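Participant: Pasting a structure below so you can have a look.
The values are calculated or read from the model by the stated rules, or taken from the named source; none is laboratory data. No experiment lies behind these values; they were computed from the predicted model shown. Every residue, glycine as well, gets a Cβ built from its backbone with ideal geometry; the counts of neighbours run over all protein chains shown.
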Amino acid sequence: MSRDAAASLTPSTVVFLTIPPLLWAGNAVVGRLAADWIPPITFNLLRWVIAALLLLPLASWVVRRDSPLWRQWRRFTLLGLLAVAGYNMLQYLALHTSTALNVTLVASSMPVWMMLVGRVFFGAPVQPRQLAGAALSLSGVLVVLSQGQWDNLLRLRFVPGDAWMLAAAFTWACYSWLLTRRDESPEIRHDWAAFLLAQTVFGLLSAGALTAGEWVWLTVAPPAGMPTTIHWSWELAAVLVFVAVGPSIIAYRCWGAGVQRAGPTVAGFFTNLTPLFAAVMSSTLLGETPQGYHALAFALIVAGIVVSSRRG
């Protein structure tokens with residue numbers, strides 16, 4: 001499959017690409033909850049340490065001395081830096097320095113970043129149907145954020161912290177396009193646990209260095225509103241296990257499979273299901289029933305996916 005031509009969206013591909021935004025919506029909800037208990041970069045490090053420990057029994061061979069991983073350390077260092085250290089760190093920082101509403105709105109730019117990164121760095125042409133799909137998908141996100149009342153959007157105020165989420169969206173787009181290059185050895189390529197563990201191993205090096213810098217930052221000039229110590233509890237432990245298993249291992253496995261089948265640009269449209277899922281989750285947790293605007297938003301986002309994935 002060429003980089004600029006998406007495969008048809010089979011039911012299994014749709015499932016692969018729907019599971020990640022569902023789990024990432026849960027990540028946004030619990031990540032905001034944990035923001036008062038643990039510094040964001042430390043939270044990201046512990047999340048991936050647990051994920052690595054869970055992956056190790058499934059693919060321990062990939063870290064042995066004779067593994068082909070070490071010959072391809074440059075590729076996996078880059079993948080780990082982007083996906084394990086970069087994207088997640090920036091997202092958790094955004095949740096500390098901006099509102100959930102702003103973060104969700106900025107994250108809805110993901111399909112646009114997918115198209116731009118593909119065009120500039122991978123030579124993938126941008127099709128009119130993809131632009132139309134992006135417009136439909138973004139409209140659906142705006143319906144969710146406005147709760148069906150457009151005046152709510154006029155009250156939005158962007159803050160410097162929103163730049164963290166903008167950088168996160170760009171980072172994730174670069175990572176997703178790199179997944180299409182398939183430069184790794186066949187042994188690692190065909191073993192999903194080994195492929196994810198290889199990224200995690202090198203990503204933890206970057207995440208560890210960034211965490212050390214965070215603690216220096218917290219010691220020298222702690223930012224307002226950010227915890228300067230870890231407040232351990234069973235609730236925090238449960239959150240860490242959830243984000244390690246769901247939004248990390250399961251979501252990354254499904255995302256990688258979906259990107260290989262549909263291409264990064266089409267896959268990017270599925271990320272806009274995240275704010276819809278998050279809104280429904282929040283409503284459910286608060287004991288509220290989903291509203292009509294949720295159905296309208298879902299229809300618009302799905303329409304964007306369908307339009308963008310149609311062959312020219």
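Participant: Among the residues of the range 179-212, what is the count of those that are more than 21 Å from S248 (Cβ to Cβ) and at pLDDT 95 or above?
Facilitator: Total meeting the criteria: 1.
Participant: If you don't mind, there's one more thing I want to ask. Going residue by residue through the range 210-220, is there one that turns out to be closer than 29 Å to R64 by Cα, in contact (Cβ under 8 Å) with a residue 24 or more places away in the chain and not polar (S, T, N, Q)? Quick ask: steps written out before the conclusion?
Facilitator: Going through the range 210-220, the residues closer than 29 Å to R64 by Cα turn out to be 210-212.
Filter once more, keeping what is in contact (Cβ under 8 Å) with a residue 24 or more places away in the chain: 210-211.
Cutting the leftovers down to not polar (S, T, N, Q) gives us 210.
The answer is yes; a qualifying residue exists.
Participant: Pick out the one residue from A83, A134, A124, A169 that is crowded, with 17+ Cβ neighbours inside 10 Å, within 30 Å of F195 (Cβ to Cβ) and at pLDDT below 85.
Facilitator: Numbers: A83 fails: at pLDDT below 85; A124 fails: at pLDDT below 85; A169 fails: at pLDDT below 85.
Only one candidate qualifies: A134.
Participant: Hey, any hits in the range 226-243 for a residue that's within 21 Å of A25 (Cα to Cα), outside any helix (DSSP H, G or I) and modelled with pLDDT of 85 or more?
Facilitator: Just the residues of the range 226-243 that are within 21 Å of A25 (Cα to Cα), to begin with: 235-243.
Now restrict to residues that are outside any helix (DSSP H, G or I): none.
Within the range 226-243, not a single residue is within 21 Å of A25 (Cα to Cα), outside any helix (DSSP H, G or I) and modelled with pLDDT of 85 or more.
Participant: Report, by residue number, each residue of the range 32-58 that is small (G, A, S), modelled with pLDDT under 95 and in a helix (DSSP H, G or I).
Facilitator: Narrowing the range 32-58 to residues small (G, A, S): 34-35, 51-52.
Now drop any that are not modelled with pLDDT under 95, which leaves 34-35.
Of everything in the range 32-58, just one residue is small (G, A, S), modelled with pLDDT under 95 and in a helix (DSSP H, G or I), namely A34.
Participant: With respect to R71, determine if the residue is buried (at least 21 other Cβ atoms within 10 Å of the Cβ) and among the charged types (D, E, K, R).
Facilitator: Details: buried (at least 21 other Cβ atoms within 10 Å of the Cβ): no; among the charged types (D, E, K, R): yes.
Taking the combined requirement at face value, the residue does not satisfy it.
Participant: Would you check which residues across the range 11-27 are among the β-branched types (V, I, T) and touching a Phe, Trp or Tyr at 6+ places or on another chain (Cβ under 8 Å) and list them?
Facilitator: Quick first cut of the range 11-27, residues among the β-branched types (V, I, T) only: 13-15, 18-19.
Listed by number, the list holds a single entry, T18.
Participant: Just one of P222, P275, P264, P247 is of a type outside the set (S, T, Y) and within 16 Å of W37 (Cβ to Cβ); which is it?
Facilitator: Details: P275 fails: within 16 Å of W37 (Cβ to Cβ); P264 fails: within 16 Å of W37 (Cβ to Cβ); P247 fails: within 16 Å of W37 (Cβ to Cβ).
Criteria check complete, one pass: P222.
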